[in-house]
1. Enumerate the amide H contacts of residue 28 below 5 Å, restricted to partners 5 or more residues apart or on another chain; note that Pro and chain-start residues carry no placed amide H.
2. Assuming R0 = 41 Å, what is the FRET efficiency of residue 38 and residue 254, from their Cβ-Cβ distance, to the nearest 0.05?
3. 5 Å is the cut-off here: which amide hydrogens, built 1.01 Å from N in the peptide plane, fall below it relative to residue 43, excluding neighbours closer than 5 in sequence?
4. Counting Lys +1, Arg +1, Asp -1, Glu -1, what net charge surrounds residue 122 among other residues with beta carbon under 10 Å of its beta carbon?
5. Quick one: length gained pulling residue 287 to residue 55 fully straight, 0.36 nm per residue minus the C-alpha distance?
6. Lys and Arg at +1, Asp and Glu at -1: add these up for the other residues within a Cβ distance under 11 Å of residue 274 and post the number.
7. Skipping prolines and chain starts, which residues have an amide H placed within reach, meaning under 5 Å, of the one on residue 21, given they are 5 or more residues away or on another chain?
8. Once you order the gyration tensor axes a ≥ b ≥ c over the Cα atoms, which shape class does the stretch 10-100 get: rounded for a/c under 1.5, otherwise prolate or oblate by comparing a/b with b/c?
Amino acid sequence: MGAVDAPVKRIVAEKYEVLGVLGEGGTGVVHDAIRTSDNTPVALKVMHDALAGDKQIRGRFQREAAILRRLEGDHVCPILDFGEVPGEEPGTSLLYIALPKIGGESLAAVLEKEPIDVARALDVMLQVLDALRSAHAQGVIHRDLKPANVLLERGTKVVVVDFGMSKIITGSGLGTTNLTTHNMVFGTPEYMSPEQARGDELDARCDVYAAGVMLYEMLTGAPPFTGATPLSVLTAHLTSDLEPPSKRPNAAGRVTPAIEAVVLGALARERDDRYPSASAFAAAIKLARSAPDDVASLGPASFSASPPGTDAFAATMPAAVVGDDPVDVTGPTLINDRPLVASSPPPRMSAKPSRPPPSSKGTPASLPSRPPPAEAVTSTRAWIAVWVLVGLASIAVGVYFALRP
């Protein structure tokens, strides 16, 4: 069966009638289809024939299905079905996932056509955060949250989709298998947190950062960091100054001091300085909406205490239990399934800001650079000690031979 060129009204898995194509990505095609038993509209995601034997892609399909089965909530797209169908080559099979067909447009499509007013932007973000809260409560982080993965159903209801790159960091053993190729990092540069750009271990706060980028974009018309290449965007997340939303032309006069404080709190470069959870971020938005000038009460530290069982669990998870996809950014990096660099990580270098830093006083215009990691300091001290010992040994040998009769 050819996933890409499936003819109109082809029957898949003896229960889905393909009517057309909704979209195509690096791993498969999403078909417009109906379930023949009851004519229910579905989005049928089928992997590419060429990838039938790719264990990594098959693992991602299987993991996405496992994740979707765990998730609940009004703003998360549930799974209807998961299975296999024969591939074009003898002895091969293709995996598929059937999801409800959601009407409406993606947030990305809406942002391309028209600006979103502040009230609607906040409402969309609160629904996105509710979806994240549901996912995080099940030990799932999205890792690729962006406007293209947020659907506006009937113009008002928000549904978060595409958990194909999600990571399970707690639970029933699903987080023990390495399903991404070793030495690879996944994500979309404009929405990747600094720790994700560095290839660090991730927790729920990387989704908080991505949600902050989306809110910034809805308020200003563009993400905070852009560039000519994926690498330049990643470097900007790591080194460039963050321009407050109120300094952007499209947001001037629209963004209250309280809303701006919330956005900056979500986009703190160091995750310990961010809102600790999607619930905390949502609580800050609600407070900012009711008290537009109350900046003092909106710092992430004011929301650091979270009751047991909330989605803040990942911020305090021991490192030993976090991670199904160990990454080492000295290897190739994939951005949207395409290679970014062949053998080097996003560099820890000085870079000119992508725009001049604002000069207004009293506004947090920049974020501190990441301090050297403790491992690097320890390693440097160890090498110094080694060379001191080598020097002392050399002196001792010289003295011995000088005094030898």
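1. 48
2. With R0 = 41 Å, the Cβ-Cβ based efficiency is 0.35.
3. Answer set, sorted by chain and number: 99, 101.
4. Values: positive: 120, 286, 289; negative: 117, 123.
Within the 10 Å Cβ shell, the charges total +1.
5. 78.9 nm
6. -3
7. 32
8. Oblate, because a/c is 1.5 or more while a/b does not exceed b/c.
FYI, it's all coordinate maths here, none of it is from the lab. Because the structure is predicted, anything quoted here is derived from the model rather than measured. For neighbour counting, all protein chains shown are included, and Cβ atoms are generated from backbone atoms with ideal geometry for every residue, glycine included.
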